[in-house]
Amino acid sequence: MNEILTSEKSIYLQISEMIENDILRDILLEEEKAPSTNDFAKLYSINPATAAKGINILVDSGVLYKKRGIGMFVSKGAKAMIKDKRKSEFMDNYVTKLVDEAKNLGISKQELIEMINKKAD
């Protein structure tokens with residue numbers, strides 16, 4: 001939770017992504033207590049309602065769940081859920097656009113694979 005907030009996207013989305021990143025990096029483990037809205041509010045000098053909005057995105061998606069009077073916790077399977085969601089977003093935001101642009105430029109599937117292999121090395 002040592003990331004810096006930027007003006008590139010809404011703060012509540014950044015809060016949500018920070019928690020997701022901590023889960024993906026095994027900083028937050030399944031069934032472990034997540035930082036509270038007040039933790040985020042103090043650390044980043046933001047309104048607790050803004051932090052809550054980011055946390056609620058994860059509650060709505062099943063990544064976090066609430067234990068009444070105790071706080072928010074990471075759900076079982078949260079890491080897999082986040083990976084699946086992000087892989088889908090990666091496909092939509094990058095792969096589809098890459099393939100479409102390759103087609104526009106007349107780049108064959110084989111050429112595209114060779115380009116990717118060259119960059120991946």
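The values are calculated or read from the model by the stated rules, or taken from the named source; none is laboratory data. Keep in mind the model is a prediction, meaning the values are calculated, not measured. We place every Cβ from the backbone using ideal geometry, glycine too, and count neighbours over all the protein chains shown.
With on the phi > 0 side of the Ramachandran plot, free of Cβ contacts under 8 Å to residues at least 40 places away in the same chain and surrounded by 12 or more Cβ atoms within 10 Å (Cβ to Cβ) as the only criterion, which of G71, G77, G106 stands out? Even if it seems obvious, please write down each step before you answer.
Working: G77 fails: free of Cβ contacts under 8 Å to residues at least 40 places away in the same chain; G106 fails: surrounded by 12 or more Cβ atoms within 10 Å (Cβ to Cβ).
G71 is the lone residue from the list that is on the phi > 0 side of the Ramachandran plot, free of Cβ contacts under 8 Å to residues at least 40 places away in the same chain and surrounded by 12 or more Cβ atoms within 10 Å (Cβ to Cβ).
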(request) Tell me which residues, restricted to region 16-47, are of a type in the set (V, I, T), crowded, with 17+ Cβ neighbours inside 10 Å and closer than 22 Å to K76 by Cβ. (result) I19, I23
(message) Looking only at residues that are hydrophobic (A, V, I, L, M, F, W, C) and more than 16 Å from the chain's Cα centre (by Cα) in region 8-47, which one is nearest to D84 (Cα to Cα)?
(response) F40
(request) For V59, indicate whether it is in contact (Cβ under 8 Å) with a residue 40 or more places away in the chain, more than 30 Å from I116 (Cα to Cα) and either of a type in the set (D, E) or surrounded by 12 or more Cβ atoms within 10 Å (Cβ to Cβ) (or both). (result) no
(message) Among the listed residues I57, I116, identify the single one that is part of a helix (DSSP H, G or I) and modelled with pLDDT of 95 or more.
(response) I57
(request) Six or more apart or on different chains, Cβ under 9 Å: which pairs go from a residue in region 4-19 that's closer than 11 Å to K53 by Cα to one that's part of a loop (DSSP other than H, G, I, E, B) and at pLDDT below 90? Could you list them? (result) I11/L5; Q14/E3; Q14/L5; Q14/T6; Q14/E8; I15/L5
(request) Being aliphatic (A, V, I, L, M) and in a helix (DSSP H, G or I) is the filter; apply it to region 60-83 and report the residue that is nearest to K9 (Cα to Cα). (result) I82
